[in-house]
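One structure is given below, encoded as structure tokens.
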Amino acid sequence: MSDASLPQPTAQPVSGRTTARTAAVIPAAGRGVRLGPGAPKALRTLGGTPMLIHAVRAMAASRAVSLVVVVAPPEGTAEVRTLLDAHALPDRTEFVVVPGGETRQESVKLGLDALPPGFDIVLVHDAARPLVPVDTVDAVVEAVRDGAPAVVPALPLADTVKQVEPAAAPGEPEPVVATPDRSLLRAVQTPQGFDRDTLVRAHETVTGDVTDDASMIEQLGPAVVTVPGHEEAFKVTRPLDLVLAEAVLARRRLNDGF
Ligand code: CTP
Ligand code: MG
């Protein structure tokens, strides 16, 4: 019998969530058009190591993560398997490689389809965010373990944001429609963390175009919450981002005494 006079915790962890096993799905099947011509973005190197390997290591660095599903460029699955074999990765983590799809959303779905039973928490992490610190990964996992069905790392915006009437042709002036209150806006990153069943349901029912997984959950209903993101979890999108990523790596190597 429970004692009703004792204070009750406000947010009860969903049963079993505190001991749930966690898998990470890494969509890495994009071309990287905005980065310019060359190999698929995830296979480009940073500090001599493919971006994808950095991203896999970032997930495997979390003690919570025991399986990493890499969603590879369809023509590059064999190469990705070879890369995973060739680079030192923690023994406690297993790896699965599957071919990706036409869109990020399709690639994530293909990764989810490859998840074996027994993993109740899923992280979805862009290969294009190779430098996310392990503390951010752990904070996301912890928030899901504490009962949130969907968790996103988020940062306040530095720039003021304008809503515009998009121009017909690139470079044309665009009428400004509104200036949303910046203090209410956040830029979100990955890994995004989910109760597995909730994420699978979202991928089965939400069909519209989305740019992240949490927005599918928003359309479905369950609450999405943020945890603090990290500036080093930025997405490598354009050539200048490669310069920044190399600088972050160089600073880490200096600090680690290499
Ligand atoms: N992604 C994927 N499958 C796709 C498209 C994207 O797995 N069909 C992955 C990318 O590999 C990346 C993540 O989704 O890790 C975020 O996408 P983005 O940064 O847009 O990468 P790309 O789509 O490769 O880049 P671009 O949009 O410039 O072509
Ligand atoms: Mg893209």
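Measure off 7 Å from each Cα along the Cα-to-Cβ vector at residue 252 and residue 102, then give the distance between these two points in nanometres to one decimal.
Computed distance between label sites residue 252 and residue 102 equals 3.5 nm.
Rg over Rh of the chain, using C-alpha atoms and the Kirkwood radius, what does it come to? Before the final figure, lay out the partial values.
Values: Rg = 19.4 Å, Rh = 19.5 Å.
That ratio equals 0.99.
Which value, in Å³ per residue, describes the convex hull spanned by the Cα atoms of the range 83-129?
Values: hull volume 5.4 nm³, N = 47.
Measuring per residue, one finds 115 Å³ for the Cα hull of the range 83-129.
If you wrap a convex hull around the alpha carbons of the range 142-182, what volume per residue comes out, as a whole number of Å³?
Enclosed volume per residue, from the Cα hull, is 139 Å³.
Ignoring ligands, DNA and RNA, how do 240, 89, 52 rank by accessible area with a 1.4 Å probe, largest first?
Details: 240 135, 89 30, 52 0 Å².
Descending accessible area places them as 240, 89, 52.
Just the ratio, please: alpha-carbon radius of gyration of the range 213-253 over 2.2 N^0.38 Å, N its number of residues. Can you show the working numbers first?
Numbers: Rg = 15.3 Å, N = 41, 2.2 N^0.38 = 9.0 Å.
Relative to the rule-of-thumb radius for its length, the range 213-253 sits at 1.70.
Over the Cα atoms of the range 162-258, each weighted equally, I'd like the Debye log10 I(q)/I(0) at q = 0.17, 0.21, 0.22 Å⁻¹, rounded to two decimals.
Ignoring solvent entirely, the Cα scatterers give -1.07, -1.13, -1.14.
Per the 1.4 Å probe, what fraction of the accessible area of the chain, in percent, lies on carbon and sulfur atoms?
On the way: 7420 of 13680 Å².
Solvent-exposed carbon and sulfur of the chain make up 54 percent of the total.
Students often forget the sequence filter, so: which lysines lie under 16 Å Cα-Cα from residue 109 once same-chain residues fewer than 8 apart are removed?
Partners within reach: none.
What GluC sites (Glu not before Pro) does the range 56-115 have in DSSP loop regions with at most 12 other beta carbons within 10 Å?
Working: sites: 75, 79, 94, 102, 106; in loops: 102.
Hits after loop and neighbour filter: 102.
Check each of the trypsin sites (Lys or Arg not before Pro) in the range 34-94 and keep only those in coil by DSSP with at most 14 other C-beta atoms within 10 angstrom; list them in order. All intermediate terms of the calculation are to be shown ahead of the outcome.
Numbers: sites: 34, 41, 44, 57, 63, 81, 92; in loops: 44, 63, 92.
Filter output for the range 34-94: 63, 92.
The values are calculated or read from the model by the stated rules, or taken from the named source; none is laboratory data. Fair warning: this is a prediction, and the values are worked out from it, not measured in the lab. With ideal geometry, Cβ positions are generated from the backbone for all residues, glycine too; neighbour counts draw on all protein chains shown. The accessibility values were calculated without ligands, DNA or RNA, using every heavy atom of the protein model including side chains. Shrake-Rupley method; radii C 1.70, N 1.55, O 1.52, S 1.80 Å.
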